[in-house]
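Worksheet: the structure to be examined is printed underneath.
The values are calculated or read from the model by the stated rules, or taken from the named source; none is laboratory data. Fair warning: this is a prediction, and the values are worked out from it, not measured in the lab. Note that we place each Cβ from the backbone using ideal geometry, even for glycine, and neighbour counts take in every protein chain shown.
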Amino acid sequence: MANLLILLLLTLVLTAPCCCDGGIKINKKIANEFVRRQKRSYPYHERYYEMFKSPMEMKHEQCENYAPCDYYSEIIGFQAAYALTFGRT
């Protein structure tokens, strides 16, 4: 029990300067090795993909808006339903 108390007091004495001094000082270069910031995203890059849809996505929307194509896409699949309804374009 006495050994535990001595160990606790020793730990308290050694950690007190770190807590009272405002924390441990670490070099900025060393700190950056441990903490990596998330890279910034480019808003123009994201807006480009929001404004312009891929041709396949446009075909999906066209098929969803037309009831017979939407019905057939659930049964035989999108590509076959689109080819059956709108041709092979």
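General remarks:
- Lone unmet requirement of (1) at pLDDT 70 or above; (2) more than 35 Å from the chain's Cα centre (by Cα); (3) outside any helix (DSSP H, G or I) for T89: (1)
- Test for L8: is it surrounded by 10 or more Cβ atoms within 10 Å (Cβ to Cβ) and at pLDDT below 85: yes
- Search result, residues across segment 52-73 that are polar (S, T, N, Q) and not in a loop (DSSP other than H, G, I, E, B): Q62, N65, S73
- Of C18, C63, all but one fail to be at pLDDT below 65 and surrounded by 11 or more Cβ atoms within 10 Å (Cβ to Cβ); the exception is C18.
- Flag if L84 is assigned to a helix (DSSP H, G or I), surrounded by 10 or more Cβ atoms within 10 Å (Cβ to Cβ) and modelled with pLDDT of 70 or more: yes
- Positions within segment 69-81 being farther than 16 Å from P55 by Cβ, aromatic (F, W, Y) and buried (at least 16 other Cβ atoms within 10 Å of the Cβ), in sequence order: Y72
- Just one of the listed residues (Y49, Y44) is hydroxyl-bearing (S, T, Y), over 30 Å from R88 (Cα atoms), modelled with pLDDT under 65 and part of a helix (DSSP H, G or I), namely Y44.
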